[in-house]
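Visitor: Provided herewith is a single structure, encoded as structure tokens, for subsequent inquiry.
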Amino acid sequence: MPPALFTPFTPPTPSSTRAPTPTPTPAPVVAVVADRAHELFFEGVAAAVSADSARIATSFAGIADAAAYRAEGKYALIVYLDGATGEDLAPLLAAKARGVPMCVYAAAGQTVPEALLSLRYDDAGAAGAALESALAYPPHDTPVRLIGLFTSSESEAYQLFSAAAGEGRILKKGVYNAGSAKQNAADWLDSKLSQALPGTIDGVYAETAALAAAAGERILASNLANAEVFCAETDDALLTAMLARPDVYAAAAGKNDAYAGAYLRAQAGRLLAGLADAESATMLPRLFTGARLADDWGRLAEE
């Protein structure tokens with residue numbers, strides 16, 4: 001779990017002696033501002049190797065409150081931007097203008113002003129990696145019998161799925177588009193899976209982590225044997241489900257929040273030290289597989 005909220009250091013009351021003990025210099029602080037749900041990100045921050053002796057503080061407030069954060073002595077901010085509607089970066093830019101060292105994680109691929117050091121997730125290739133994983137997954141034979149779950153028929157995942165079906169690599173067992181569907185994904189899947197004969201569906205290809213979660217839950221509820229979920233997005237909940245049931249959640253391509261936390265913690269340390277080599281970067285998707293996730297879990301912050 002993320003560490004407890006940092007309590008600012010309060011210097012001791014000077015004694016009445018003629019030579020009071022000097023007040024010690026407070027240790028520098030790295031304040032991490034993120035939703036509680038992003039536990040992998042917090043774990044990455046905690047696992048980072050940094051030369052400074054900064055304490056880690058956490059806050060679960062919004063951007064404006066993050067920008068108003070204060071600590072005695074030197075401090076830096078790491079802010080997780082999850083792409084929520086209406087994210088206003090003006091408070092962060094104002095804090096940066098005051099001289100506050102600032103690192104931003106654009107987890108949804110948002111454009112961040114150059115004035116803010118950032119790590120931006122670019123999902124290019126995630127949909128393709130997840131689909132290829134489904135097509136190559138043993139013991140799938142060509143054509144692979146897949147159900148597709150999508151946000152719309154305009155998405156990259158849908159286009160790739162349709163192209164593979166046109167090439168004879170996929171046999172469509174059903175396609176769900178959330179944008180035009182009259183049912184939610186779980187109810188739609190129930191109707192599809194209840195009609196399926198044993199051994200007639202190889203898996204489900206899902207565009208989003210939420211759709212993948214629905215697919216896994218319905219597969220488990222229907223006791224459908226040898227059907228797996230492949231997803232073009234990751235979040236903490238999906239990766240946790242993959243750890244628990246790697247036989248169902250076979251693969252997902254997406255952002256590695258543990259690495260993001262470690263990277264930005266290292267950059268925050270450089271900023272606190274006044275070094276000039278701290279820099280923004282782009283993070284590409286990582287393919288997580290159920291077969292290897294348990295072994296890889298402790299090294300995610302390094303990759």
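The values are calculated or read from the model by the stated rules, or taken from the named source; none is laboratory data. All of these numbers come straight from a predicted model, not from anything done at the bench. Here the Cβ is made from the backbone with ideal geometry for all residues, glycine too, and neighbour counts use every protein chain on show.
Visitor: Assuming L243 fulfils every condition listed in (1) in a helix (DSSP H, G or I); (2) in contact with a helix residue (DSSP H, G or I) (Cβ under 6 Å, 6 or more places away or on another chain); (3) over 23 Å from A301 (Cβ atoms) apart from one, which condition is it?
Guide: (3)
Visitor: Taking the condition under 30 Å from A57 (Cβ atoms) and part of a loop (DSSP other than H, G, I, E, B), does G274 pass?
Guide: Yes.
Visitor: Does the range 203-235 hold any residues that are among the small types (G, A, S), touching a Ser or Thr at 6+ places or on another chain (Cβ under 9 Å) and free of Cβ contacts under 8 Å to residues at least 60 places away in the same chain, and which are they?
Guide: Matches in the range 203-235: A209, S222.
Visitor: Check the range 115-124 and report whether any residue there is among the hydroxyl-bearing types (S, T, Y) and either without any contact (Cβ under 8 Å) to a residue 24 or more places away in the chain or over 30 Å from A268 (Cβ atoms) (or both).
Guide: no
Visitor: Could you pull out the residue among A108, A186 that is free of Cβ contacts under 8 Å to residues at least 40 places away in the same chain, surrounded by fewer than 19 Cβ atoms within 10 Å (Cβ to Cβ) and part of a helix (DSSP H, G or I)?
Guide: A186
Visitor: Take the range 200-229 and flag every residue that is within 17 Å of L135 (Cα to Cα) and either part of a helix (DSSP H, G or I) or small (G, A, S) (or both).
Guide: G203, A206, A212, A227
Visitor: Still on this structure: I'm checking my understanding of the structure. Among residues of the range 111-138 that are assigned to a loop (DSSP other than H, G, I, E, B) and surrounded by 14 or more Cβ atoms within 10 Å (Cβ to Cβ), which one is farthest from the chain's Cα centre (by Cα)?
Guide: Y137
Visitor: Restricting attention to the range 189-216, and to residues there that are modelled with pLDDT of 95 or more and out of contact with any strand residue (DSSP E or B) (no Cβ under 8 Å at 6 or more places or on another chain), which single residue is surrounded by the most Cβ atoms within 10 Å (Cβ to Cβ)?
Guide: Of everything passing the filter in the range 189-216, A213 is surrounded by the most Cβ atoms within 10 Å (Cβ to Cβ).
Visitor: Okay, moving on. Could you please let me know if K173 is assigned by TED's automatic domain parsing to the domain that holds L211, in a strand (DSSP E or B) and farther than 16 Å from D123 by Cβ?
Guide: Against the criterion (assigned by TED's automatic domain parsing to the domain that holds L211, in a strand (DSSP E or B) and farther than 16 Å from D123 by Cβ), K173 qualifies.
Visitor: Moving on. Here is a list: R70, R18. Which entry is of a type in the set (K, R), part of a loop (DSSP other than H, G, I, E, B), over 30 Å from N256 (Cβ atoms) and modelled with pLDDT of 70 or more?
Guide: Going through R70, R18 in turn, the sole match is R70.
Visitor: Report every pair of residues separated by at least 6 positions or lying on different chains whose Cβ atoms are under 9 Å apart, first residue within the range 38-62 and under 25 Å from L239 (Cβ atoms), second modelled with pLDDT under 75 and of a type in the set (K, R).
Guide: Listed by first residue and then by second, the contacts come to nothing, as the list is empty.
Visitor: Let me ask something additional. Only residues that are in contact (Cβ under 8 Å) with a residue 24 or more places away in the chain and within 18 Å of I201 (Cβ to Cβ): list them for the range 140-167, please.
Guide: Those that are in contact (Cβ under 8 Å) with a residue 24 or more places away in the chain and within 18 Å of I201 (Cβ to Cβ): H140, T142, P143, V144, R145, L146, I147, G148, L149, F150, F161, A164.
Visitor: Additional query: Test S162 against the stated conditions and say whether it is assigned to a helix (DSSP H, G or I) and small (G, A, S).
Guide: The answer is yes for S162.
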